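S.K.: Dropping a structure here in C-alpha cells format, bear with me for questions.
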Amino acid sequence: MESKKLQIYQDRLLAASLIEEVLLNKISIQSALSKFPKGSEDINIKCAFDALMYKEADEDLRKNIEGYANLQDGLLRAMVNALKKNQQFSKNIIGRYLKYNKDNYIPPKKADFKTFLREIKRMINF
C-alpha cells in the first residue's frame, strides 16, 4: 500500500515537471504527453493530461480570445502546484474534465499489440 502511494506521488511529480517544461517552452506539448506516467489511475494525472491536450487543441482560441491563454496557463500552473504538494485537484476541476473526457487516454504501462491497437482506434475516434 505504501509503495502505491509513493508511486502515485512520483507520477504526480513527473507530470508537474512536464507541465512546467511546457509552460517554460522547454519541450513541446506532444513530447510532454508522450512522457506522461503510463498506466496511472490517478484522476489528477488524467486531468493534467487532458489539460495539456486542451492547451494543444485550443491554439486558435489562445490566439483569438483575449485572456484565454492566461486563464488556461494559470489553471495549468495551479495543477502543477497541487501535483507537487501531492494534493487532490478540487472537485470542480475534476468534475469539469470528467464531464468532457470520461475516457482515460493515457496508455497503459505495458501493452500487448491488441491493447496498442485498441488504444490507437480509441484515439482516432476521439
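The values are calculated or read from the model by the stated rules, or taken from the named source; none is laboratory data. Bear in mind the structure is a predicted one, so any value in this text is a computation, not a measurement. We place every Cβ from the backbone using ideal geometry, glycine too, and count neighbours over all the protein chains shown. Remember, those area values only see protein heavy atoms, side chains included, never the ligands or the DNA or RNA. Shrake-Rupley method; radii C 1.70, N 1.55, O 1.52, S 1.80 Å.
S.K.: Condition check: at pLDDT below 85 and open to solvent by 70 Å² or more (accessible area, probe 1.4 Å). Does L98 satisfy that?
M.R.: Values: at pLDDT below 85: yes; open to solvent by 70 Å² or more (accessible area, probe 1.4 Å): no.
Considered against the rule, which asks whether it is at pLDDT below 85 and open to solvent by 70 Å² or more (accessible area, probe 1.4 Å), L98 comes out as no.
S.K.: Name the residues in segment 19-65 that are open to solvent by less than 40 Å² (accessible area, probe 1.4 Å), of a type in the set (A, V, I, L, M), free of Cβ contacts under 8 Å to residues at least 24 places away in the same chain and part of a helix (DSSP H, G or I), would you?
M.R.: Result: A32, L33.
S.K.: Then there's this: Between a first residue in segment 93-104 that is part of a loop (DSSP other than H, G, I, E, B) and a second residue that is modelled with pLDDT of 70 or more and among the acidic types (D, E), which pairs have beta carbons less than 7 Å apart while being 6 or more apart in sequence or on different chains?
M.R.: N101/D50
S.K.: Being surrounded by 15 or more Cβ atoms within 10 Å (Cβ to Cβ) and at pLDDT below 95 is the filter here, so list the residues in segment 80-95 that pass it. Before the answer, list the steps.
M.R.: If we filter segment 80-95 for residues that are surrounded by 15 or more Cβ atoms within 10 Å (Cβ to Cβ), which is where we start, we get 80, 82-84, 89, 93-94.
Within segment 80-95, F89, I93, I94 qualify.
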